[in-house]
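See below for the structure under consideration.
The values are calculated or read from the model by the stated rules, or taken from the named source; none is laboratory data. Keep in mind that what you see is a predicted model, and the values were worked out from it rather than measured. Reconstructed Cβ throughout: ideal geometry from the backbone, glycine too, with neighbour counts over all protein chains shown. Heads up: the accessible areas ignore ligands, DNA and RNA and are worked out on the full protein's heavy atoms, side chains in. Shrake-Rupley method; radii C 1.70, N 1.55, O 1.52, S 1.80 Å.
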Amino acid sequence: MAEERESWKIKDEAILSELVALMGLSDEEKALLGGLADQARAMAPKMTDMFYDRLLKHQNTQEYLQGLSTERMHSMLGTWFVELFSGTYDEAYTRQRMQIGHIHVRIGLPVRYPLAMLDVIIPFGEEVARQSPRPEQALTAFRKVLALDVAVFNQAYENNQLKHLSELVGGERLARLLLAGKG
Ligand code: HEM
């Protein structure tokens, strides 16, 4: 059996502080992003239009959006985008971002779709960052915060798999070893 890993002990909200430390997201970078909230709000409608245009053009993704209020979907995604520029990336932020991931787990959405949609989100986020008085630093900060978000989103998927496998095999450690192909 493989040894235990320290990373296996990091759970829930602690995940973000661990990642903030890993990525070296500084207070200065947080403040730079926080100064761009209005610009992000102005950019959000263009981003959400392109986002849902793309999902609606593809049959396998369009299926998930049937019967949902377009206005509500645009508004929720727009808020998500603006919050990338909130300047505060604390436990409440993580909990909420993790919850967004869980919502996608629960609708049975393969994780490849949200990951692929970063292609739409990134250029708009970068355009916001370029409006900062310190564009290079703001771009670096934006990439970090987006990477954190993607990591937390993915963690929601992994947590779900671990939870179910752990229940099935009677423990998380064994579940992790099985997922690593070592069980
Ligand atoms: C990076 C990619 C994505 C982001 C940031 C995102 C963001 C969000 C947010 C913020 C919500 C609202 C969660 C809440 O209720 O608090 C949501 C819900 C939802 N998303 Fe996404 N989403 C992404 C990708 C996708 C994709 C690819 C699909 C489908 C193909 C999708 C379908 C849905 C659906 C069906 C809901 C639930 C709507 C409801 O409440 O009925 N999302 N998403």
Filter the range 75-127 for residues that are of a type in the set (A, V, I, L, M), without any contact (Cβ under 8 Å) to a residue 60 or more places away in the chain and outside any helix (DSSP H, G or I); the one that is farthest from the ligand (Cβ to nearest atom) is Val111
Ala44: passes all of (1) open to solvent by 70 Å² or more (accessible area, probe 1.4 Å); (2) assigned to a helix (DSSP H, G or I) but (1)
Practice task
Might you check whether a residue that is open to solvent by 60 Å² or more (accessible area, probe 1.4 Å) and touching a residue at least 60 places away in the same chain (Cβ under 8 Å) occurs anywhere in the range 6-13?
Solution key: yes
Residues of the range 134-154 being away from the ligand (no atom under 15 Å from the Cβ) and in contact (Cβ under 8 Å) with a residue 60 or more places away in the chain, in sequence order, are Arg134, Gln137, Ala138, Thr140, Ala141, Lys144
Subset of the range 52-104, residues closer than 19 Å to Ile15 by Cβ and open to solvent by less than 30 Å² (accessible area, probe 1.4 Å), comes to Leu84, Tyr89, Tyr93, Thr94, Arg97, Met98, Gly101
